[in-house]
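Every number in this text was worked out from the coordinates using simple rules, so none of it is lab data. On a predicted model such as this, the values are computed, not experimentally measured, just so you know. Backbone-built Cβ (ideal geometry, glycine too); neighbour counts: all protein chains shown.
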Amino acid sequence: MASAPLVLRGREVGVDGRAVRPVVMAVLNRTTDSFYAPARVPDDAAALAAAERAFADGAEILDVGGVRAGNGSPVDEAEEIRRVVPFVAQVRRAVPDLLVSVDTWRAGVARAAIDAGADLINDTWAGHDPDLVEVAGAAGVGVVCSHTGGAVPRTDPYRVEYPGARDGDPRDGLVADVVATLRAAAERAVACGVPRESVLVDPTHDFGKNTWHSLHLLRSTGVLAGLGFPLLMALSRKDFVGETLDLPPEERLEGTLAATAVAAWLGARVFRAHDVTATRRVLDLVAAVRDEAPPAAALRGLA
């Protein structure tokens, strides 16, 4: 089954008439050191052009980040705001139909971004700043609840373990931890004022996880889709894809698209992606196979 529908600022995302299609969230990093070089767009003009291109290519959400997720040069709150917030306002003016997400774990950045027009706060570090969800709730914008296994911002996993399940596959201990963490975080977001349909859940592949963990979460997508909240999958060019195929970030497109197709078939709703056109095409094909959307041009044998 598909995860719950997504609504941001009163707009149902991914629905066109009776057709329901998974949603593409395009990645745009206002950094100089993110792991995938083509996503680094610190220049204002180039970043706006990238945002416009992502929208034209089929993205409904743009996820703007100002700090590299992993280890890197220090970036304080003032610098993160400088990188992200004026750009959010610029996108809001230039591409008003493109929903804007901001990837941050800091409540202060979230507050400034919302004031500039952000529709969604992507808290990839699992509530490290407990005030962030309260900021989102007070403004009535969406929030992404994530799972990092207790990892703190900008740290890489090392020998991470999750207690095994009592019965069955011991890796299900990971799934149980993810489900419990995401459910609790999502319910807290609702209690803080975030509309239920605007709360996304993300198992957060690679964060606080090794490659075996991330692969098991991918095959467990159906369980996560059953949480009752829109399910976000951030799979694009990640290390678990690279380690599975022994490829660098620049060569992980096919692996990413394979993982995307699996997750979409199993019910994920939103996909954070570096490659918008390719991801959009994969998701449209899966939606047609699932009988959730019609083919774009079904003429064979009819004309």
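Relative contact order of the chain, please, whole-number percent, based on alpha carbon pairs below 8 angstrom and at least 6 residues apart.
22
Run through all the Cα pairs of the range 17-289 and give the fraction in each 10 Å bin from 0, expressed as whole percent.
Result, from short to long distances: 7, 31, 40, 20, 2, 0 percent.
For Val7, which sequence-distant residues (separation of 5 or more, or a different chain) have an amide H within less than 5 Å of its own amide H, given hydrogens modelled in the peptide plane?
For Val7, the qualifying residues are Val13, Ser198.
Determine the equivalent ellipsoid of the range 203-278 by diagonalising the alpha-carbon gyration tensor, then write out the semi-axes as square roots of 5 times the eigenvalues, largest first, rounded to whole Å.
So the equivalent ellipsoid measures 19, 14, 10 Å along its semi-axes.
Any number yet on Rg/Rh for the range 10-141, C-alpha, Kirkwood?
On the way: Rg = 14.4 Å, Rh = 15.0 Å.
My calculation puts Rg/Rh at 0.96.
Given H placed on each backbone N at 1.01 Å, which residues far from Val102 in sequence or on other chains put an amide H within less than 5 Å of it?
The list, which skips near neighbours in sequence, is Val64, Leu120, Ile121, Asn122.
Which one, Asp246, Asp103, Asp63, has the greatest fluctuation when you compute a Gaussian network model over the chain with C-alpha springs under 10 angstrom?
Looking only at Asp246, Asp103, Asp63, the biggest GNM fluctuation is shown by Asp246.
Taking the range 145-262 as the region of interest, what is the percent of Cα-Cα pairs per 5 angstrom bin, listed from the shortest bin to the one with the maximum distance?
Each 5 Å bin holds this share of Cα pairs: 2, 11, 21, 22, 20, 15, 7, 2, 0.
Name the residue, out of Ala46, Ala89, Ala26, whose mean-square fluctuation peaks in a Gaussian network model built on the chain with Cα pairs under 10 Å.
Evaluated over the chain, the most mobile residue of the options is Ala46.
With a ≥ b ≥ c the root eigenvalues of the C-alpha gyration tensor of the range 173-219, is it rounded (a/c under 1.5), prolate (a/b larger than b/c) or oblate?
Prolate, because a/c is 1.5 or more and a/b exceeds b/c.
In Å, what is the Rg of the alpha-carbon atoms in the range 73-230, and how long is Dmax?
For the range 73-230, the Cα radius of gyration and maximum Cα-Cα distance read 16.4, 54 Å.
Which of Arg183, Arg21, Arg300 comes first, and how do the rest follow, when ranked by fewest Cβ neighbours within 10 Å?
Numbers: Arg183 15, Arg21 22, Arg300 7.
Listed from fewest to most nearby Cβ atoms, that is Arg300, Arg183, Arg21.
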